[in-house]
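Okay, so here's the structure we're looking at.
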Amino acid sequence: MKIALAQINPTVGDIGGNSKKIISIIHKTKADIIVFPELSVTGYSPQDLLLKKEFIKENLKALMRVAQNTGGKTAIVGFVELIGGFYCNSAAIISKKKIIAIHRKICLPNYTIFDEKRWFREGSDATVFELGGKRIGVSICEDMWLPETTKKQKNKGAELIINISASPYRKGKIEAIENVLKQRWGENRIPMVIVNQVGAQDGIVYYGHSMYFKDGKIIANCKDFEEDILIVNVK
């Protein structure tokens, strides 16, 4: 199974531009699964743009446009989901033009620069879907930093974890996420793919360093602080 780590620089609020970039990458990338960062449709973090109903509608329309352009491929795309009058920070798993599963971020950070509990409702289900005979768990950023979600996905039969992130840079952050992946590997012995965005929004810098992690080590990783597309062969 070939998985493309699409490490992009989405712009907050530019739903049209972000979705066009996502669709362009899907069209030109030869992979079974193409993975984009957290909230890649809206950009991270939309904050008070979430107060605009039209913004939410445009985000959902853009997701449908992406779905219609997947062809025979599978894509994992971050978007804002409206459910029961609340918003969720969600990942759509799209296969052959249909949304086959949605993961809603379970662990919402609410410290330092993060204020996610103000804007989003927590998810509860540790999502696992099946593709090509392989069971795959999907999580979003902080879900990987804490052990519970990955453990639940392993218990549901996951053979691979794909995590989409918008993780900002600070000194020592790259080493910190590598150590987290080593911990998750030690606990579960499951290969992991993590796709993190790059660029800067409102003075916050995102470092990328998207990775394929297996056997307790990094097998391959994207460039730091640059848009990059890396295709890995996951057995």
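Just to check your reading of the model, which residue among N110, N188 is out of contact with any Leu (no Cβ under 6 Å at 6 or more places or on another chain) and over 22 Å from G43 (Cα atoms)?
N188
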Only unsatisfied item for S167, checking (1) closer than 26 Å to I34 by Cβ; (2) more than 15 Å from the chain's Cα centre (by Cα), is (2)
Apart from one, (1) surrounded by 22 or more Cβ atoms within 10 Å (Cβ to Cβ); (2) in contact (Cβ under 8 Å) with a residue 40 or more places away in the chain all hold for I94; the odd one out is (2)
Can you run down the residue pairs with Cβ atoms below 9 Å, 6 or more apart or on separate chains, where the first is in segment 146-165 and among the β-branched types (V, I, T) and the partner is surrounded by fewer than 16 Cβ atoms within 10 Å (Cβ to Cβ) and modelled with pLDDT of 95 or more? T150/E187
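Considering only strands (runs of 3 or more DSSP E) fully contained in segment 87-196, which possess at least 2 residues that are touching a Cys at 6+ places or on another chain (Cβ under 6 Å)?
On the way: elements: 98-104, 128-131, 134-140, 160-165, 192-196.
Hits in segment 87-196: none.
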Can you list residue pairs whose Cβ atoms sit under 9 Å apart, with the first residue in segment 219-235 being under 15 Å from I26 (Cα atoms) and in a loop (DSSP other than H, G, I, E, B) and the second being at pLDDT 95 or above and aromatic (F, W, Y)? Count only pairs 6 or more apart in sequence or on different chains. none
Examine segment 26-47 for a residue that is crowded, with 18+ Cβ neighbours inside 10 Å, over 16 Å from the mean Cα position of the chain (by Cα), under 19 Å from N196 (Cα atoms) and not acidic (D, E), and state whether such a residue exists. yes
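The values are calculated or read from the model by the stated rules, or taken from the named source; none is laboratory data. Because the structure is a prediction, the values reported are computed rather than measured. Neighbour counts are summed over all protein chains in view; Cβ atoms, including those assigned to glycine, are modelled from backbone coordinates with ideal geometry.
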